[in-house]
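Structure first, commentary second.
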Amino acid sequence: MSPSPPRPAALDRGPIYLDHNATTPVDPRVIEAMLPVLGDGFGNPSSDHAYGGPAKAALAQARARVAALIDAAPEEIVFAGSGSEADATAIRGVVAAARRTADARPHVITQATEHPAVLAACAYAERHHGADVTVLPVDTMGLVAPSSLAAALRPETVLVSIMHANNETGTIQPVAELSRLTHEAGALFHTDAAQSVGKVPVSVRDLGVDLLTLVGHKMYAPKGIAALYVRDGVTLEPLIGGGSQERGRRAGTENVPHAVALGAAAELAQADLEAGSVARLTTLRDRLQTELEEHLPGRVHLNGHPEHRLPQTLNVSIDGVIGHDVLQTCAGVAASTGSACHSGDRTPSPVLTAMGVAAERGLAALRLTLGRWTTEDDIVTAARALASVADHP
Ligand SMILES: Cc1ncc(COP(=O)(O)O)c(C=O)c1O
């Protein structure tokens, strides 16, 4: 891999990209790493002949790299096709396995600001595996209170699934404390860390989690690859049966090029963290907020936790505007809002609503998320462009 990355050319052709929580550009070094296994290394990693060997070795190296980023063992990594699949494997897999061995109705606890992938997997477990699901509330900054988890845990609780960092606000949950309470009650703990892995240091041992989801396209690898950490000793019913790939936890010939890409992305993320990416992005993110506040005095309100938050996520509501309209008008910035359009009516983001944010302020929200190539110049220009539209809505 080359030592200093060229900037993805697309970033220079389009508006300033402030939507890294939706997806990240693929790092050119990641593309470089995956090309050999798309070509000469095409073999099936399960084949015992000369073509299988290099694919098997590449897959093993990728697994070790992903494991190293989160402080896991390589055998604890299960490659999956998306974050949604990894979440479903964790939740449905644990509930289905519990259903086989226990008589009682399995109880699952989650919380209100989870990604739809987690909420849908819980709803599936309710419909098809007879699970009983409790959804915990959050406070105005998006945090789950450990006391509310403690009160919800029961002898029949088999799984708690609470995300590490929220995709819209960046709020980081007290996962180590929540997983400790969960284990005291004898249940397993899953965290969806799609948005935090690579952005902040993540150790499955320090967090004390049994299952963790991470996603390639949030950390400069391509879309269509993710991984589920499954602690040694945790039993899962696989979503897809068939071959014995991934130690029987996910059938299907592995997507070796994308797994290799995820491995390369994991190595680069580790290097970024060691080089001070958290401090660099925190400074830029806070500069963006300050610039907006200076352009629009008294009109900018932060959504999410001021401190326990991803370093590159800024979610703000600007008084007097509809966030969606600002972004539609502001051609120089690509970002998102979290609001949705249903039959012509805009509804605020369910995440902000769950935090008790009033509808008007929810509709005024902008989610501005920075990344590896965001510069100070980008921040100053984007703030000026957004403020100018917000001043003349
Ligand atoms: C927190 C979180 N979980 C899960 C997902 C789903 O990942 P994928 O799009 O790979 O299914 C996302 C993607 O937006 C996410 O932000």
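Just so you know, all these numbers are worked out from the coordinates, no wet-lab data involved. Here the structure is a predicted model, which means the values were calculated and not measured. Reconstructed Cβ throughout: ideal geometry from the backbone, glycine too, with neighbour counts over all protein chains shown.
Observations on the model:
- Alpha-carbon Debye profile of the stretch 276-391, log10 I(q)/I(0) at 0.11, 0.17 Å⁻¹: -0.33, -0.80
- A convex hull fitted to the Cα coordinates of the chain yields 140 cubic angstrom per residue.
- Here the 3J(HN,Hα) profile of the stretch 138-154, calculated from phi with Karplus coefficients 6.51, -1.76 and 1.60 at θ = phi - 60°, is 10, 8, 5, 9, x, 8, 8, 7, x, 5, 6, 5, 4, 6, 8, 5, 9 Hz, Gly and Pro shown as x.
- Net +/- balance of residues flanking Tyr220 in space, Cβ distance below 13 Å, scoring K and R +1, D and E -1: +2
- One chain, two ends: Asp139 and Ile31. Fully extended at 0.36 nm per residue, the span grows by 34.8 nm beyond their Cα-Cα distance.
- Label-point separation, Thr23 to Asp132 (7 Å along Cα→Cβ), nm: 4.1 nm
- Once you reduce the stretch 59-90 and the stretch 272-350 to the center of their Cα atoms, the two points are 30 Å from each other.
- Charge tally for Glu114 (other residues, Cβ to Cβ under 12 Å; Lys, Arg +1; Asp, Glu -1): -3.
- Each 5 Å bin from zero holds the following percent of Cα-Cα pairs in the stretch 209-303: 2, 11, 14, 14, 15, 12, 9, 9, 7, 4, 3, 1, 0.
- Within a straight-line Cα-Cα reach of under 26 Å, Lys56 can be paired with the following lysines, leaving aside sequence neighbours fewer than 8 residues apart in one chain: Lys218, Lys223.
- Simple label model, 7 Å out from Cα along Cβ direction - Ala331 to Asp345, nm: 3.4 nm
- Under 9 Å, Cβ to Cβ, from Ile379 - net charge with Lys/Arg +1 and Asp/Glu -1: -2
- Computed over the chain with a Gaussian network model linking Cα atoms closer than 10 Å, the most mobile of Ala104, Ala265, Ala112 is Ala104.
- According to the calculation over all Cα-Cα pairs in the stretch 1-110, the P(r) per 5 Å bin from zero is 2, 9, 11, 14, 16, 16, 12, 9, 6, 3, 2, 0 %.
- Largest mean-square fluctuation among Ala165, Ala73, Ala62, in a Gaussian network model of the chain whose springs join Cα atoms under 10 Å apart, belongs to Ala73.
- Amide H contacts under 5 Å for Thr157: His107, restricted to partners 5 or more places along the chain or on a different chain, H placed in the peptide plane at 1.01 Å from N.
- Taking label positions 7 Å along the Cα-Cβ direction at both Ala251 and Ala50, the computed distance is 3.3 nm, reported to one decimal.
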